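Colleague: Below you will find the structure I want to go over with you.
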Amino acid sequence: MVRLTVDGKTYMQSLNVRMDPRIKTSEVDLRKQFEMEAGIVEGMNETFEALQQVRALRPQLADRAGKAKGALADSLSALDKQVAELEGASQGSFFGVPPSGQTAGESVHAQSAFRAVAERGGQCRRRAHDASIAVYLELEDSLEKLLAQWKKVRDSDLPALNASLKKAHLEELDSNKRSAAPSGDSEEDDEP
């Protein structure tokens, strides 16, 4: 039912939605394609949120490492290295950040890979290509493993390190603390 209100008067009309007769894709294949595309959106959102948390944490780690001494400084450095690997600064690409020394164009990362699969699979005139489905499943598996690593850092390693920081009378780390973007910088373009 479609409802239109103009000058306080409401008009209603039933609407029938039918498949474009030129499209020969089966309903089962369309449902599979929809599920894959919904998974792509979810994966992009998860990577974006994790990236924001990683980016919020790294400057805090650097700050506390400059104030800490001994084993605490070593622990902060070790966690920063671990987080840097997740971010993609030291090893591979993750969360849409290219490896150190590479430009975004030189690296295929989760965000662009998900987008490519979405674009390729989003053509409903025929069922999703087996190659697109295989790439999606591979990305989904990789993302699951990487997000599990981030969850361990966030839910286990970070609280343990925060307890040590508290004992040393240093400010605790917060992966949800967003720093203000420098003027002129807009991170809106990073959002999926």
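Colleague: Which pairs have Cβ atoms under 6 Å, sit 6 or more apart or on different chains, and link a residue in region 152-166 that is without any contact (Cβ under 8 Å) to a residue 60 or more places away in the chain and at negative phi to one that is surrounded by 15 or more Cβ atoms within 10 Å (Cβ to Cβ) and not acidic (D, E)?
Modeller: N162/L173
Colleague: OK, next. Determine whether region 62-73 contains at least one residue that is at pLDDT 85 or above, of a type outside the set (S, T, Y), assigned to a helix (DSSP H, G or I) and on the phi > 0 side of the Ramachandran plot.
Modeller: The answer is yes; a qualifying residue exists.
Colleague: Please verify whether A131 is closer than 30 Å to N162 by Cβ, part of a helix (DSSP H, G or I) and modelled with pLDDT of 75 or more, treating the condition exactly as stated.
Modeller: When the stated conditions are applied, A131 does not pass them.
Colleague: Now for a different question. State all residues of region 26-62 that are more than 16 Å from E140 (Cα to Cα), surrounded by fewer than 16 Cβ atoms within 10 Å (Cβ to Cβ) and in contact (Cβ under 8 Å) with a residue 60 or more places away in the chain; if no residue qualifies, say none.
Modeller: Answer for region 26-62, where residues must be more than 16 Å from E140 (Cα to Cα), surrounded by fewer than 16 Cβ atoms within 10 Å (Cβ to Cβ) and in contact (Cβ under 8 Å) with a residue 60 or more places away in the chain: S26, D29, L30, P59.
Colleague: If you go through region 128-142 one residue at a time, how many are closer than 21 Å to L86 by Cβ and surrounded by 11 or more Cβ atoms within 10 Å (Cβ to Cβ)?
Modeller: So the count comes out to 4.
Colleague: Considering only region 74-113, state which residues are modelled with pLDDT of 50 or more and of a type in the set (G, A, S).
Modeller: Residues satisfying the conditions are S75, S77, A78, A84, G88, A110, S112, A113.
Colleague: Hey, can you tell me all the residues within region 143-168 that are acidic (D, E) and either in contact with a Gly (Cβ under 9 Å, 6 or more places away or on another chain) or loosely packed, with under 15 Cβ neighbours inside 10 Å (or both)?
Modeller: Matches in region 143-168: E144, D155.
The values are calculated or read from the model by the stated rules, or taken from the named source; none is laboratory data. For clarity, every value in this text was computed on a predicted model and none was experimentally measured. All Cβ positions, even for glycine, are placed from backbone atoms using ideal geometry, and neighbour counts span all protein chains on display.
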